[in-house]
Amino acid sequence: MIAELICVGTELLMGQIVNTDAQYIARSLAPSGIDMYHQVVVGDNPGRLTEAVQTALSRADVVLFSGGLGPTDDDLTKETVSAALGKELILFEDEWEKIQSYFRSRNRAIAPNNKKQAMFPKDAIILPNPNGTAPGCILEKDGKAAILMPGPPRELFPMFHDYVMPYLLKKSGHKLYSREVRIFGVGESDVAYRLDDLFKNQTNPTIAPYCKTGEVTLRVTARCQTDEEGKSIVSPVLDQIKKRLGDVVYDTDGHELAEVCHRALIASGKTLAVAESCTGGRLADAFICYPGSSAYFIEGDVTYSNDAKMRRLGVKAETLDTVGAVSEECAREMAEGARAAAHADYALSTTGYAGPDGGEPDKPVGTVFVALASADGTVVKRLTLFGDRDRIRHTATLHALDLLRRKLCTNEA
């Protein structure tokens, strides 16, 4: 099956926003066995959009549209596509009621032009949009389909995942089974080198790398008829990846590093405290954002000044005077002080130069120390990180989490 994507919006042509919809849809379709040969961006012009619709329908089985479903006069995707297919729009009363309810629930006034968002051809398949006011729709004619979705990613992404992808897979005769491998501690190039033959020889399943700041993710996806078949196809590849990469693989079900620690702490019944300097509360937030963290998280201190480090955590004045706050010794005393004050099983600490100012000749910006204190002693890790202030703080948080993860899951910290 051949699909084509038409993204509608003059703001895309002018470079005012990044076309993340196209990236998301293309990545989602890639492992599904659905081919995409063309992507088109068209401004809010009915004539040029009509031409793009006719061209796409002449060479594709399914044409996907993003954008142009809003209430304003220049939101013309639905009207233009319907006209090109020879379909007349009528009011769907139930969709109009949903739109009105959306506004009422938010104490917002509804404008008369919002009513056009409830207008569809009578045979349209409605795509619900719980995240906005513009429902999507599927229009079928002569064995082909036009799929219309709103432009905002927070609306399009869930609509595509929940409704459009199942429709496409049903038409293509396949379903997808995916597992997400999360990796921390090596870069993308190292992962690619170690898995080179798996990447080069992939057919089914496919392996798609995705990079996040400080991490690498691999999505292993099988085309299959059932989940059991998909699991049997994917599992040997997962085994190979884990064997070759070792303990830098921290999860194969798509869980974040913090969530892996969260789950392990709950399972172990152990408690945690944190003491932060350069990460400024990010480490505590990484745990507290998960419901149930009160079962193990006792307290967190953001001790940014030297005085706070001494007063709150018991860091020695001698340590700060001789080796400074950005040092192995300070990180150690911060973690041990936090653990003692909270009577916790574990305590993490972070201290470093996040930049852009600061640093020393032997400790430039990006020098960070993370520490983990436990009943078995204290482990301190020196890091040399790169990037802007936000990236350094984010990556330092990940390293602290990984230190705890290794202790909880492999006892290697």
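The values are calculated or read from the model by the stated rules, or taken from the named source; none is laboratory data. This structure is a prediction, so every number in the text was calculated from the model and none was measured. All Cβ positions, even for glycine, are placed from backbone atoms using ideal geometry, and neighbour counts span all protein chains on display. Note: areas computed on protein heavy atoms with side chains; ligands, DNA, RNA excluded. Shrake-Rupley method; radii C 1.70, N 1.55, O 1.52, S 1.80 Å.
Quick notes on this one:
- Within the chain, percent of DSSP bridges classed antiparallel, to nearest 5: 60
- The length gained on full extension between residue 142 and residue 412, counted as 0.36 nm times the residue separation minus their Cα-Cα distance, comes to 91.1 nm.
- Heavy-atom accessible area order for 326, 302, 40, largest first, 1.4 Å probe: 302, 40, 326
- Relative to the dominant Cα principal axis of the chain, helix 227-245 is inclined by about 40°.
- Angle of helix 20-29 to the longest C-alpha principal axis of the chain, folded into 0 to 90 degrees and rounded to 10: 80°.
- Take the chain with all the other protein chains still there, run a 1.4 Å probe, and you get 46 Å² of accessible area per residue.
- Under a Gaussian network description of the chain, with springs only between Cα atoms under 10 Å, the residue in 100, 16, 117 that fluctuates furthest is 16.
- Rough spin-label spacing in nm, given labels placed 7 Å along Cα→Cβ, for residue 255 and residue 240: 2.6
- Value of [θ]222 nm, deg cm²/dmol, for the chain, DSSP H segments ≥ 4, -39500 (n - 2.57) each, nearest 500: -12000 deg cm²/dmol
- Taking the C-alpha atoms only, the angle from helix 257-268 to the longest principal axis of the chain is near 60 degrees.
- Accessible-area value, residue 36, 1.4 Å probe, nucleic acids and ligands omitted, Å²: 50
- Solvent-accessible area, 1.4 Å probe, carbon plus sulfur percent, for the chain: 50
- Difference of contour (0.36 nm per residue) and Cα-Cα distance, residue 126 to residue 267: 46.4 nm
- 21 Å Cα-Cα threshold exceeded, pairs from 243/270; 122/170; 78/116; 242/270: 243/270; 122/170; 242/270
- Sites residue 376 and residue 26 - FRET efficiency at Förster radius 51 Å, r taken between beta-carbons, to 0.05: 0.60
- Estimated inter-spin distance, residue 154 and residue 204, nm [label 7 Å along Cα→Cβ]: 3.9
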